[in-house]
Every structure is written in C-alpha cells, then in structure tokens.
Amino acid sequence: MGIPGLTSYVGNNCHFFIDTKLKNTNIIIDGNSLYHHLYFNYGIDKRHGGDYDVFADLARSFFKQLFLCHINPYVLLDGGCDYTDKKFETLKMRAKDRIRVAHSIAGGSNGSVLPLLSREVFQTVLLQLEIPFVQCLAEADWEIASLANQWNCPVLTMDSDFCIFDLKGGYYPLNDFNWRSTSKDKDNSEFYIPALCFSIDKFCAHFNHMNKALLPLFAVISGNDYGYIPAMEDFFSQVIFPLGNVRNAKRNNRIHGLLNWLSRFEEPGEAIEKVLEYLVDSRKDGIRKCLCAAMEEYKLSDSHLAEFFTKGTPLSKVPVAMDMLPDWVVVALGKGKLAPYIIDILLFQRVFLITQVDDSQLPSSHMCSLPIRQVMYGLLLNGRNPSKVGKGAQGKNKGLLVEEYCRHDLTLGKSQVKAVLTRSSESLSLEAIAEVSLPVRLKILLETLGVKPCIVDAVSSHLILPVAVTCYWLTHSVPKPKLMQLQALLMGIVYGELRRLECDAGPRGPTDDVKIACDRLWRMRVRQTDMDIKLAHIFCQWQACIQISLYLNQLLCNPLQQPDISWLYSGTFVHQAFRELKQDRSPDFLLSGCTVACKLFKDILSAVLSDVPADFFQTREKKAKKFTKQQKDGRSKERRSDTDEPLSWRNINNRFSLLLTDDE
C-alpha cells in the first residue's frame, strides 16, 4: 500500500514530526521496507547482481544497534499477492517499471533494482540473530498497524499508508531513523537512537484540526496501491480547492488542496456525499460502495499475530480463499520456511518473475530455470481442483498451467507454462509431501536438477545444493558458460567460505592464511565503472536457478541443507575474478597462500566437472581434432604432437589447463 506523493509531501514538512530518543521499547518493523531501505541507501552495489555479504553485514549492524538501545524488534514480512487480487494492475505497473530501470542500470545510468536474492539474505540474518519475525499470507501493512496498536509500540517503515493509520506508538519513517548515530543519554547513560516520529495529531491540527476519520477517505480519493478509482479524475477536474500556505505546496498541489478541502467536513459520510455531487448520477451508488469498501482497509482491530509471537501459535484467520492450503504449508509459510511465491501459484496460477540487471537483447535470465519451475508447478497443482486453485491461467484447458509474467525484450510479457509431473512426483500431492520419506524427496530434487546422486558425497552438506544448481546451470544457460566464468563463480563461493570461517572463528580469530586470503580477496572487487552485461547475464541465470532451487528444496521439506546465500555470491567479486582470470592469472595464483581455499576450490570444481561431459569445455577443439582425423587419416600422428601445441595448452603450472577451451 502507499499514497503517491504523500511520503515526499510529509517529509518536506518537519512540523508534522516529533524529535525522539528511541530506547527501551518493542518496535514493529515492516521487513520489506527495511531490506529495501538498507540495500538502496548505504552504497551497496546494485549493478553486478548483488553484494550479499556486504548487505548481510549491514543488516546485522542495524539490529545490533537496536539491541544496544534495548529496542526489541518484531519483523513482519509480506506474503503473496492480496487474495482479492485488487492489486494486480499495480503489480503489472511495477514490473514494467522494474524492466525499464534495470535496462537503464545495465546501460550505465543510476537506478535502484533490488538484487534477486536480497530477501532470502535478510531472512537468514533474522534467523541467525534470533529476531522474532513472521511471514504474512498477504501484504503485512494491516497486521503491522494492528499489532503495534495492540502492543502500544511504534512502527518502523517507509510506507506512506502509516500516515493514515491512527497509531498509538507513532510511525517512524526509515529515512529519519538515525540508527548509525546512536548516542548516550546524559541523564542515565542509556543508549538511544535519535529519530523523528510522525505525529498524526500535528498533521490533522495543521489542517484546521481535521477529523482523523477523514484520512482514510483522503487516501482512497488520492489513490493507493490497491487500485485507483477512475471516477476520481472527474472529481479532481471539477472541484476547486482552497488555497493554503505551506512549504512546497506547489509541488504537492493535489495532496495539499485535497486535505484542506476535506478539513471542512465533520465526518467521512458528509464528505463522500459532497464528492459524489461532482459525478454523474448513474455512477454514484457504485462509487459510494467503492469508497466505503476501500476505507475499510484502514480500520484496525486486534491482530492474531500477538499469540504467534508470544505463544508460538500458528497463523490463524486464514482467508477463505486460502482454505485449500494444507496445515503444514500454512505453518511453514508463517515461519518463512516456504516462499510466498507458492501462494500466488496456488491462488492465481500466476507468478511475476523479478527482472534482474541482465542483457535485454537476450531472453530473460529466468528462462534458464524454466524446467525447475515446471516441476515445482507440478508438485503444487497436482491433484488440485482447477476451479479452486486460481484464475491466472485462463481457458477451458487451464488444468496444470501457470501464467508467468516476465521480461520479453523491454516489455512485460505473459506466457502460459505447463506444469510437469515427473515419474517420481506424479503420484505425490501437496498434502502428502511432508510425509514422504527423505530418499524420495531427495530423488525428486536431484532428478529435477539433472545431477547424479553421488554429488551429495562430493562436498560439505551446506554446499551440495549450490554445487548441484551449478551443474544444472552449466547445461541450461544460454549462452553456455565458459570455463573462466565457472571458475570465477566458484571462486566467489570459496571467498564466501573464507569469510564464513573468519566470522565463525570466535575470539581467537581465523588462522593467518585465512585472514590474509580474506583481506586480499576483499580488495579484489570491481574497480572499474564499466560493466560487462554479457557476463552479468550469465551470472543472472545462475541466480535465477539458485532462487527457484531454494524454493523447490523448501517445498520438498529440505532434503538438502539450505545454504546461506550471503556467502555464496558477491557480484563485484565474481566480476573482478573473471577479469583477473582473463589476464592469465590462474585460480591457483589468485588463491595462493591459503591451503583451505585451494583445496575447497579443487573440491567443488571437481564435483561440478564430474557431473558434466568430459569435453564440455572443449567442444570446438574436439570437433577440430575429429575433422583433422577424418581428413588426414593415415598421415603421421606426429603432425599434431604435444610439442607443437600452443604454449597455453601446455602450461604445467596451471593444473586446470587441460580444461581450457581454444578461445580461453
């Protein structure tokens, strides 16, 4: 939810706020607002697919500052789309805007597109710090406001709708929450965070002490994310607003004028009837109903989430539209153990695939993970009644189809994707997944990724899924990844593992070689401002595969350990690692001096290569040799002896040299 222009309007009027020293309190946090705010406002790279390690460090720092001030956070995350589907047009508009911004970033312009796996990283930080959180079944706004009022504590968010809710503990905008400026109170030596709190009383007082009950009508007339009522344009074109004297009123004419106009009325009903006077008689009854129904979104009552946090009670008050969800699925969704992505598939048979900063001249990077998604759709929809499942994939033959919205060139395209039932999953229903044995669930996952069962013994348990996904990515990515791109990606995983060892070392600290290697590799990040969009597209495909594989693994009740994404991928690092490799610096050279790093790299590279054909990176050379043999059969075998091959193929110091392709 959100009212266009209201955040900037309110932010430009400091007299709507109260200076506070926040400490010793519970606080309800809008999780989606927070992770967007942290990623976009603290200088983290947004062009190379995400620096997830830096983002995780920042999120941990944020919560540690709260703990320092004895502020107890309770985080609420959005779930799937609203089950009434009122927000569908807004979602399409946002998806189109994201495509435009991602293309602009790829071309070198500024912009903000949240990297694909940021939410998963943020959620992992919450788990690691044992911060109470819940994943709502739909948007979290109403639950946030209701719980905050029930507990009489403040809300931290960036959503302008919280200027409309009458919150007992106040609304703290993230832009004015100075968590990096923690100070000590001179009176009692307690730490606090200096912050501005929006005051609805000051806001209404500024507009002739307007009745707070009129604010929901203001929001609905202005238009929020849940849909704009077109007839309101007729109202705005005819009404004459009273002039007011407020800073920057010119920039926010409509907001300021409408608030002044509404302040003349005692209660909403009177104002609604006045609005209807500007509209055609035949439409008045319908518009009155629309206005009243939309205003109901802002009415608060006790939240059922209080018992979720205090007693561990599973989510209750599941909407009727979601009563088809098995109990184990509802429980897992509330705890964040299943992605909200599956709600949209079950309710609407429709998903929006999030655009990345990839090459817009190529098919969307999500095309690489299509076969995985099809298996997931099959597991979710198998045996379910199409009339009760969703309304996205329309038509008589709807059946096991999912409607996907995704980037097609520079537009938002729509396609019907068929769900796939494999031999292992065709008899499996969503209700039964949690009761199926581990070997069966593992078999479905490995078969979907097309990897051999022996891969589970090749690397540490927390790396099995990333390695399996990497094998899948190699054989499904278009264009096909080159060896150096694989090496750069795996070096990123090694770098993450070194950082993990460094963080887990405790007071004694890591071994000297790990610390030195971490410091050296930390400095090996992208230094140039230019961007290799072709390389970015390859790595975006890997992220798309990782994301949907994580979701599939969750749906199968985690037959493999879920990896910590923050240690798996750092965009600026893998891009620079690829540049270093292109300059004839081998992985051995770049990881030299650290036995742990060299061994780990060899282990995961060996695990990946053992699952692809032996000549996977030598296709052109193999064809050339075959052609030579056919054309020159009978000639001397010494014509192509080892001693005549280029030096780059005989580099005995590079133990991976035999894997190089002829253009590498």
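Summary table below
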| item | result |
| --- | --- |
| Given charges at beta-carbon only (K, R positive; D, E negative), |dipole| of region 1-111 in Debye | 140 |
| Distance (nanometres) between label positions extended 7 Å along Cα→Cβ at LYS299 and GLU270 | 2.1 |
| Options VAL469, VAL451, PRO481, ranked by Cα towards positive dipole end of region 441-558, top entry (Cβ charges) | PRO481 |
| Percent antiparallel among DSSP beta bridges (both partners in region 311-461, rounded to 5) | 75 |
| Accessible carbon and sulfur surface of region 397-545 relative to its total accessible area, %, 1.4 Å | 54 |
| With Cα atoms, 0 to 90° folded angle of helix 619-631 axis to the chain main axis | 30 |
| Nearest-0.05 FRET efficiency for ASP323 and LYS202, computed from C-beta distance (R0 30 Å) | 0.10 |
| 13 Å Cα-Cα reach of LYS602 towards aspartates and glutamates, excluding residues that sit fewer than 8 places from it in its own chain | ASP588 |
| Mean projection area, nm², convex hull over Cα of region 458-610 | 9.4 |
| Label-point separation in nm, ARG94 to ASN41, each point 7 Å along Cα→Cβ | 1.8 |
| Given charges at beta-carbon only (K, R positive; D, E negative), |dipole| of region 311-357 in Debye | 180 |
| Subset of LYS168/LYS289; LYS289/LYS311; LYS96/LYS418; LYS212/LYS284; LYS64/LYS186 violating a 27 Å alpha-carbon distance limit | LYS168/LYS289; LYS289/LYS311 |
| Nearest-20 debye value, the chain charge dipole, Cβ charges on Lys, Arg, Asp, Glu | 1860 |
| Whole-percent carbon and sulfur share, accessible surface of region 29-69, 1.4 Å | 52 |
| Positive-end residue, region 169-303 charge dipole about Cα centroid, Cβ charges, pick of SER237, CYS292, ASN252 | ASN252 |
| Sites PHE236 and ASP185, calculated FRET efficiency, Cβ-Cβ separation with R0 56 Å, nearest 0.05 | 0.70 |
| Residues of type aspartates and glutamates that LYS23 reaches as a straight line, Cα spacing below 15 Å, ignoring anything fewer than 8 places off in the same chain | ASP185, ASP187, GLU190 |
| On Cα atoms only, tilt of 253-262 relative to the major axis of the chain in degrees | 40 |
| Between region 479-545 and region 167-211, the Cα center-to-center distance that results, in Å | 40 |
| Span from the region 268-307 Cα centroid across to the region 20-94 one, whole angstrom | 31 |
| Positive-end extreme of charge dipole, the chain - chosen from PHE573, PHE40, TYR192 (charges on Cβ) | PHE573 |
| Principal-axis tilt of helix 533-555 within the chain, Cα atoms, nearest 10 degrees | 70 |
| Spin-label pair HIS15/ASP409, simplified geometry with 7 Å Cα→Cβ offset, distance in nm | 5.3 |
| Largest to smallest accessible area among HIS37, HIS103, HIS304 [probe 1.4 Å] | HIS103, HIS304, HIS37 |
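The values are calculated or read from the model by the stated rules, or taken from the named source; none is laboratory data. No experiment lies behind these values; they were computed from the predicted model shown. For neighbour counting, all protein chains shown are included, and Cβ atoms are generated from backbone atoms with ideal geometry for every residue, glycine included. For the accessible areas, the whole protein counts, side chains as well, though only heavy atoms, and no ligand, DNA or RNA atoms are used. Shrake-Rupley method; radii C 1.70, N 1.55, O 1.52, S 1.80 Å.
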